[in-house]
Amino acid sequence: MEPLFYRPKDAAALLGMSRTAVFRLIKAGELKSIKEDGYRLVPRWALVDFARALEAKAGLARTERAA
């Protein structure tokens, strides 16, 4: 089972970018996150939304096929 939330370091690894870049995206409001008990957490859905937004911005069309 995949985690529901990722620490910024882990989110950065999944996105293929630095931890600093992830914090910049969070600060800019481009990547959603929550802060709980002093921890910054990035929901899995926020990573998917961010990746889809990047694809759309780049003009990449993705078609999903039903299984």
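Tell me, which helices (runs of 4 or more DSSP H) wholly within the chain include 3 or more residues that are among the β-branched types (Val, Ile, Thr) and modelled with pLDDT of 95 or more?
Values: elements: 8-15, 19-28, 44-57.
Where helices (runs of 4 or more DSSP H) fall fully within the chain and carry at least 3 residues being among the β-branched types (Val, Ile, Thr) and modelled with pLDDT of 95 or more, they are 19-28.
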Per-region count, the stretch 1-15, residues open to solvent by 70 Å² or more (accessible area, probe 1.4 Å) and of a type in the set (Gly, Ala, Ser): 1
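The values are calculated or read from the model by the stated rules, or taken from the named source; none is laboratory data. In this text the structure is predicted, and so the values were computed from the model without any measurement. What goes into the accessible areas is simple: the full protein's heavy atoms, side chains included, and nothing from ligands, DNA or RNA. Shrake-Rupley method; radii C 1.70, N 1.55, O 1.52, S 1.80 Å.
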